[in-house]
Each structure stands twice: as C-alpha cells, then as structure tokens.
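Notes follow once the structure below has been shown.
FYI, it's all coordinate maths here, none of it is from the lab. As the structure is a computational prediction, the values presented were derived from the model and not from experiment. Cβ placement follows ideal geometry from the backbone for every residue including glycine, while neighbour counts extend to all protein chains displayed.
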Amino acid sequence: MFQDTAPSCLLVASLCELGERLSQLELFVAEPSVRARAENEGLIVALLAAVDHLVQRLDRQVIAPLRKPLQDGSLEDQACAQALEEVQRFALAFQKAHQNLAFLTGHGSHAVTYTFVHKLLNEARTKALPAPDICLGNEYDFFRHDLRKTLVAPLEALGTASRLPEWGLSLLLPKAEAGNPLMWTMLAHQIGHYIVDHFKVAHHIRADLPIRTGTSPQSDDALLRYAEELAADLLAQRLAGPAYFLSLASLGLLFRPGGPLGLGVPLGLRLGHLRRHLKPLEALDGQGLRRTANVELFSSLDALSLAERLVSECHRLSAPSEPSGLSSSEQDPSVALENYDCLDAIIARQRVAPAAIPSPEDFHALFARMCSGIPINSLCPTLSRETIKRLEGAATPTEFYHLLGDIRERPTTLAHILLVGWTYKLLRSYQIFRELLLSAATLREALAAYAGHLRNRQALLQKSIETSFIQQTYNRWRGEAHGA
Amino acid sequence: MVLNETAILYRLLVKKDLVVTPILDLPQQLGSSTLDVRLGTRFLAQKSSSLIYLDPLRQAEQIEADKLQYEVEYTLQSTQAYVLHPGEFVLASTLEYVVIPADLTARLDGRSSWGRAGLEVHATAGFVASGFEGTITFELKNVSRMPIPLYPMLRVAQLSFYEIGPDTRLPYRAKASSKYAGYLAPTGSTFYRDPEWEIIRRELVAQGGHQRSERLSAALEARPADRGPGKSPTT
C-alpha cells in the first residue's frame, strides 16, 4: 500500500480519469443508435483511429518510461510532474476529439438521465423548478447552463432587446458522459445556476458580498462572478450531496487549474469552499470496508479526504507556478474563502432540501452490495428467526399479514447511490485500472479490459437510479392505490 | 420441493442468500409458493430492415453487426407505455435483480390476470438455473387481438423456487457455457455462440459447402427486400 498522495498513486488516478473518458467516447460511438447509421461510418472510423492514436502516444510517451517506477512505487516528484503535464495535454486533445461528436447523427442513449434529474428534484422537494430538458452536447464542458442564453445572445447582439418565451430549463451534458451517472452530478451545478438566476439569489449575493472600496474593479467583478459560481456549487452539493465535490475533484485530476473548463473560477477555490460544508466521512472508514472493497492502493478510505489530497497534490506538482486559488488572497480578495461566507445564509434560505448522507451502517451495506455486483437501489429489511417461527405458526392469512407488518425496502436517494458509486470508483476502479495497466503489455490492452469494469459500474449505477426512482414512485402512491 | 411463503421469506430476509430486489410491496407480491415480479424499464424490440435473416454460420462479430440492423432498444420512464400489438414479440426484463443460490432453482411463469389478457411472458425459457444472477429476461408476446400497453413496475409474472438437494457444483455463473449471467437489461439471443454452430461451420468448410452457403447469402441479399416500408416484421 502506498501513501495516498505518492506520485505513483496520483499518476494512476490521473491516467484512470483520462482512460475512462477515452473509453466513454468509444462506447458512445459504439451505441447502436449512433453506430447503425450508415452516414456516421466514416466519422466513427476516423474518431476511433484518433482515439487509438492518442492511446498509443500516451503509452509511448508517458506510461512506457514509467512502468517500473509505477510498479514499485518509486516514481519521483519531478518525473510525476512531467507525466501529469503530458496527461493534461492529452486531456485537451480528448476535448478536441470530443467536439467532433457534433457531426454524428443519432442521439445515443440518455433516457436514464431524465430519471436522474427527476429524482434529484423530487428528493430536493424543489417544486418551483421546471422539469428540465437534457441535451447531449459536443463540448466537453459541464458549466454552460441554461441553453436559452445561447439563443438570446445573438439576438441581443443585433440590438434587439429580445426575450425568448419561458420554456423551462435546458441542461447540457457532454456526449461522452451520457452513460456515466457519476458525472451527471454536474447537472446539479447547472440547476444551481438556474436557481441563482431565477430566484433573486444573484441579487442577494450582490447586496451581501463584502465589496470594499479601493480594490480594483476587476477584482470586484471577479468577486461577483466567483460568488455566483460558488453559490451554484453550494446548491449542487445541497442537491447531490458529497458526490458533487467528488465529481468536481475528478476534473481537477485531469485539467489544469484555471484551464478551459468552466468560467475561469479557480478549482482550488471551489473545492475549498465546498469542503467547508462537508463533514469528514471518517465514520465510514474501517477494516470492514477495506475487506469488502479489497483496497490496497490507498491508505485512507474516506473518499472526500482522498480526492482532496489527490487534487491538491496534482495541482502542486503539475502547476507549481500557477495560483491555486488560495495562496494569493492578500492581493486578490476574490480568492479569499472568507469573503464568500455570506453565501451560506443565502443558500440556506433557498427551498432546496439538503441531500442526506448515509449512516455508516447503510453505507457499508450498500458498498458491500456494489462490490458484489448487485444494484444499490434500496436497503433491505431484516427479519428475525423468531418472526419466521411466528409466521409459520400463523393460523390465518390475516394473522400472517399482521405479523408480516409493514416490511419494506428503503429506496436509496441519489446522494446515497452517488457517494457509494464514487467511493467505489476511488477505491476499487483506480486499483483495478492500476492492476490492468501494469499487467497488460500496452495501454490499449489495459483499456480494453477496463472497459468491461467501466460498463458494469455504469450499468449498475443506472439500474440503481432507475429502480430506486420507481420504488419511490410506488411508495408515494401506495396508500392511495390500496385504499382505492 | 417447492418453497412455501415462509421458506421464501426466510431465504430472502433472514438467510439472505436468495436476492430479489426491489420488492416494492411484499404482501402484494408474496403468494403461497410464489413471488410476483415486475416489468423493468428496458425493452429490446425487433424492427423490419433490409436484413432478410440472421446467418448463424457467419462469425459472431459479423452477426452482432447484423443485429444492429434489426434490434432497437427502448428505455421507458415509469409513466411511459410500450404498446405490444397483437402477434408482436419483444424482449424485456424484470425490474428485480435476482440471485439464485446454489441449492435452489426457480421457475418463471406468467400471472393469471395477464395470461387472460393474452400476454405470454416467455416462449420456452421459463427455467432459472441455480447460481443465476441478474435481471431475468421476459420473452413477451401478445397472443390476443387487442394491443396491450405495458408499463414498468407492472406485475406480469411470478417466480417459484425449488430446492435441489445438495448444492450444485455447476452454478449458472460458473458454468463454462453460461451466456446471460449478470445482465441488468434484456439480452438478445446469442444462440449463434453455441459451439454447435462452429462444428457445423467447420464441417461445411470441410465439405466445401460453406462457399455454397456464402453464394446463397449473397444471392439472397442482392434481391430487393420482400417487405414494404413500415410493415411490421412480425405481422
């Protein structure tokens, strides 16, 4: 077992994030609804060749020279820093390849994403929000929200103060993530922006932010802009739970701080701000969890601390000269966390019920199920042997049903499913990726083997989301249905 | 011996080696020796296409590419219907994920209410082997004269469980030839992966008949499709 932030662990995590995205792009173009269209054939062949080329170059340039130090954990900081820089360059190339998905016809399968968003809004009890549309986009970017703005912009540029009719909320999901529920949490961020825009949150932020006279207009502007982004982050975390922090952190393992993703708000600032609102998950740690997950790669089992440490170490190594968002707060008030304290009260006033964090017992039970390949749609009740004996002795069906009582599975919330899913990814998937990477002759071979694990994990989470949603729907109306 | 209601409960909720999840409504679903199961959200239908038939003598990868031309998958929301028209056939799967332990087998049957409405839930494969894990695939067919709207969560079938004495040494997952374990959605047939096809293929090649078969396929594919556009493949 290595230290969690050992360079070899860090590089494995970073390569796994990139490998997953490359595999997801391949899985998307292999979707029957996309692949079966004759007009897509040429582009699919070209895209797959481009991905293959990326994989081969990554193998030759990054992995092959470091195979041995990766194996024995002797990777040095400097070599790791160089490798991370290469990985980030390949991540940008992946983003460019992703843009070509715009030319493919066929929609890909994202029906479960609708269920995801409905479940998210139902659980947050946010009746004031419209049911969103979800569009699959070619930009690998989660931060453009509310597509109406895209349509309004050119009309406004013509000088017509045009207003498009209200038609609800349209969310954008990158095509490569259409099958990956772990990154759908980022849709919660877009919903967060909608709430900021439509429920006067932005107005309250402007009124309450500590804008000091004497500072530069640029920094005041940044303060406002950052505050709106951080408010959307807080709302997303309220909606989706700690999984939102983890999905944002996963982007930090792949893309430079202040890189092309998002609106230029330093990722370190965003993660630091979110982390202040998350209690540590140490209660979930323990030998039982280690045995269940068969974890060897990391010493810590607290997914939040693990992700935080990986990202900050990644940024320290890959961009030592760039501001992390926390270091230069004296010169720039926009990167001082305490300047955003007013957001807590503003967000707390919004009608968004905070996502529940599972108890340690529930978390362990769900995690064990996920490791056994069983969907984590619910928590199962337990009967005692004595109850079974009494049931066997029941003289009439009425007595039997009376003894049976109201035994029900408890459907899991999205926050439960996603936190367990993310923890599974951090603890198990990274480790499986590492084993495959080191045992396979090439990265291509490792990715081919890893694709099976990736598909299973995604299918398991999708099934869990769908089934728990149906359970919640059934429970909502069960009483009425039985009385009818 | 078939398990009665308390034996089913014991295996599900005390011993927990039998897994059927979710059980949305235990009193509704539990019978004297059965447990009702529900329709899931995924359907795998067949559509008409220029493909005349599936040639099992081709390589499995080629057949799978052909299948893309006539299979179409639907994922429904809980309030959406898949309308099964008279005579039509579609694959679907249970909402429930099922794990059958090594000392049990299970049998899938339709529920009487749906049988009376003309819905068949399986064509021939109602047996669930010990050691099976996954969602169980329904082979749904409407044998009535009226279209049947099918929604996720409807209780269309029931499982009964049988003890098979000592645990099997060949649970389904471990069986060398098992093809459908662990799936979470309806799974189309992969009959062409049965080893018998490879034997026939090799024997054909040995007899020089494979070339004849290829020529026949080419000739058939060159013919204009018999079916007009929009005509259902199953009517």
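Per residue of segment A:236-251, in order, report the coupling 6.51 cos²θ - 1.76 cosθ + 1.60 (Karplus, θ = phi - 60°) as ³J(HN,Hα) in whole Hz, putting x for Gly and Pro.
4, 5, 5, 6, 9, x, x, 4, 5, 4, 5, 5, 5, 5, 4, 5
Under the rule of at least 5 residues apart or a separate chain, name every residue whose amide H is placed under 5 Å from the amide H of residue B:96.
B:38
Per-residue HN-Hα couplings for segment A:221-232, Karplus 6.51 cos²θ - 1.76 cosθ + 1.60 at θ = phi - 60°, whole Hz, x for Gly and Pro?
Computed from phi, the couplings for segment A:221-232 are 4, 5, 4, 5, 4, 5, 4, 5, 5, 5, 5, 5 Hz.
When only C-alpha pairs under 8 Å and at least 6 residues apart count, what is the relative contact order of segment A:367-484, in percent?
In percent, rounded to a whole number, it is 36.
Name the long-range amide H neighbours of residue B:84: under 5 Å, sequence gap of 5 or more, or other chain; modelled H, no Pro or chain starts.
Sorted by chain and number, the residues that satisfy this are B:148, B:150.
Arrange A:370, B:1 by Cβ neighbour counts within 10 Å, fewest through most, would you?
Fewest-to-most Cβ neighbours within 10 Å comes out as B:1, A:370.
Mind listing the long-range amide H neighbours of residue B:71? Cut-off is under 5 Å, sequence gap 5 or more, other chains count too, H placed in the peptide plane at 1.01 Å from N.
B:47
Could you list the square roots of 5 times each eigenvalue of the Cα gyration tensor of chain A, that is, the equivalent ellipsoid semi-axes, sorted largest first and rounded to whole Å?
Largest first, chain A gives 36, 31, 25 Å.
Using θ = phi - 60° and the Karplus form 6.51 cos²θ - 1.76 cosθ + 1.60, what ³J(HN,Hα) does each residue of segment A:347-363 get, whole Hz, x for Gly and Pro?
5, 4, 7, 6, 7, 10, 5, x, 5, 7, 8, x, 5, x, 5, 5, 4
In deg cm²/dmol, rounded to 500, what helix-only [θ] at 222 nm does chain A give when every DSSP H run of at least 4 residues adds -39500 (n - 2.57) and the total is split over its residues?
-19500 deg cm²/dmol
What percent do you get for the relative contact order of chain A when only Cα pairs under 8 Å and 6+ apart count?
20 percent
Which of the pairs A:127/A:175; A:175/B:47; A:279/A:425; A:127/B:15; A:463/B:15; B:16/B:67 have their Cα atoms more than 31 Å apart in this structure?
From A:127/A:175; A:175/B:47; A:279/A:425; A:127/B:15; A:463/B:15; B:16/B:67, over 31 Å: A:127/B:15; B:16/B:67.
Calculate the spin-label point distance for residue A:276 paired with residue B:14, positioning each point 7 Å from the Cα along the beta-carbon direction, and give it in nanometres.
Result for the modelled spin labels: 5.4 nm.
In nm, to one decimal, how far is the residue B:202 label point from the residue A:92 one, both placed 7 Å along Cα→Cβ?
5.4 nm
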